[in-house]
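Chemist: I'd like to ask some things about the structure below.
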Amino acid sequence: MNKHVSFEEVLSAKENRQKLRALIWSFMPYTLISFTVNYVGTIKKNPDTLLIFQQGVGKIEKTFYGAISFKQLNYFDTGYEGYFAVDKDAKEVKKIVSSLEDSQILGRLWDIDVFDNQNNQLTRGDIGLKKRKCLVCEECADDCYVVRRHNQQELMLKIKDILKKFRDMPEGNNVYGK
């Protein structure tokens, strides 16, 4: 835990996730949920990211209980990854996980992607939703990311604020307690 990773390692991990998704889909051609944590900086595996990941996994497992045919959790230095093959319509799954991302206090720190049974990624636009808003401002998150509108310190302050709000919640409102 707490190992710095390079930009090249992060890019390589992204490519490896694509290969793993294709491999999983090849023997489990169901709707596939790919789950990672949105977190800035070069340390992707730390107590905060573990908490964010565990809470997201718990919500996914609880939400899709009985429909999960396959689950794989990876704990890499480049970040935590979760894969869930579910026997449900991909658009329905995308609506559900988008709702989780929007309604849960840690949801903004979750990156939950959905792939259909043909291994095509669904977007929020595919289900009639707007793109996600920036963590810091009300603009489109993708636009802020591309132009680097916010520095790492601003983003980390917002992440820490979200985590504080989560930790201050009564235990019954989260999956695993404090």
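The values are calculated or read from the model by the stated rules, or taken from the named source; none is laboratory data. What you see is a predicted model; the values in this text were computed from it and never measured. Positions of Cβ are generated from backbone atoms using ideal geometry, with glycine treated the same way; all protein chains shown enter the neighbour counts.
Chemist: What number of residues in segment 48-85 are among the charged types (D, E, K, R), under 13 Å from Ile33 (Cβ atoms) and in contact with a helix residue (DSSP H, G or I) (Cβ under 7 Å, 6 or more places away or on another chain)?
Modeler: Number satisfying all stated conditions: 2.
Chemist: Residue check: is Val37 farther than 29 Å from Asp168 by Cβ, crowded, with 21+ Cβ neighbours inside 10 Å and in contact with a helix residue (DSSP H, G or I) (Cβ under 7 Å, 6 or more places away or on another chain)? Steps first, answer last, please.
Modeler: Details: farther than 29 Å from Asp168 by Cβ: no; crowded, with 21+ Cβ neighbours inside 10 Å: yes; in contact with a helix residue (DSSP H, G or I) (Cβ under 7 Å, 6 or more places away or on another chain): yes.
The answer is no for Val37.
Chemist: Please count how many residues of segment 88-128 are touching a Lys or Arg at 6+ places or on another chain (Cβ under 8 Å), within 26 Å of His150 (Cα to Cα) and aliphatic (A, V, I, L, M).
Modeler: Adding up the residues that qualify gives 2.
Chemist: Next question. How many of the residues making up segment 73-100 are crowded, with 19+ Cβ neighbours inside 10 Å and over 15 Å from Lys62 (Cβ atoms)?
Modeler: Looking only at that region, the number is 9.
Chemist: On to the next question. Are any of the residues in segment 124-138 in contact with a Phe, Trp or Tyr (Cβ under 6 Å, 6 or more places away or on another chain) and in a loop (DSSP other than H, G, I, E, B)?
Modeler: No, segment 124-138 has no match at all.
Chemist: Filter segment 1-41 for residues that are in a loop (DSSP other than H, G, I, E, B) and not small (Gly, Ala, Ser) and give the result. Step through it out loud before you land on a result.
Modeler: From segment 1-41, those in a loop (DSSP other than H, G, I, E, B) are 1-6, 28-30, 38-41; that's our starting set.
Of everything in segment 1-41, those that are in a loop (DSSP other than H, G, I, E, B) and not small (Gly, Ala, Ser) turn out to be Met1, Asn2, Lys3, His4, Val5, Met28, Pro29, Tyr30, Asn38, Tyr39, Val40.
Chemist: Here's another thing I want to ask about it. Looking only at segment 42-69, how many residues end up being in a helix (DSSP H, G or I) and under 10 Å from Tyr80 (Cβ atoms)?
Modeler: Final tally of qualifying residues: 7.
Chemist: Now a separate question. Kindly provide the set of residues from segment 120-150 that are more than 17 Å from the chain's Cα centre (by Cα), under 27 Å from Ala22 (Cα atoms) and surrounded by 13 or more Cβ atoms within 10 Å (Cβ to Cβ), ordered by number.
Modeler: Asp126, Ile127, Leu129
Chemist: Filtering segment 85-104 down to residues that are assigned to a helix (DSSP H, G or I) and within 17 Å of Arg21 (Cβ to Cβ), which residue is farthest from the chain's Cα centre (by Cα)?
Modeler: Quick first cut of segment 85-104, residues assigned to a helix (DSSP H, G or I) only: 90-103.
Retained after the next criterion (residues that are within 17 Å of Arg21 (Cβ to Cβ)): 90, 93-94, 97.
Values: Ala90: 17, Val93: 14, Lys94: 12, Val97: 10 Å.
Per the stated criteria, the residue is Ala90.
Chemist: May I pose another question? Out of segment 1-59, which residues are of a type in the set (S, T, N, Q) and in contact (Cβ under 8 Å) with a residue 12 or more places away in the chain?
Modeler: Across segment 1-59, the qualifying residues are Asn2, Ser6, Ser12, Thr31, Ser34, Thr36, Asn38, Thr42, Asn46, Thr49, Gln54, Gln55.
Chemist: Give the residue, chosen from Phe64, Phe27, that is over 13 Å from the mean Cα position of the chain (by Cα) and either surrounded by 16 or more Cβ atoms within 10 Å (Cβ to Cβ) or at pLDDT 95 or above (or both).
Modeler: Testing whether each residue is over 13 Å from the mean Cα position of the chain (by Cα) and either surrounded by 16 or more Cβ atoms within 10 Å (Cβ to Cβ) or at pLDDT 95 or above (or both) leaves just Phe64.
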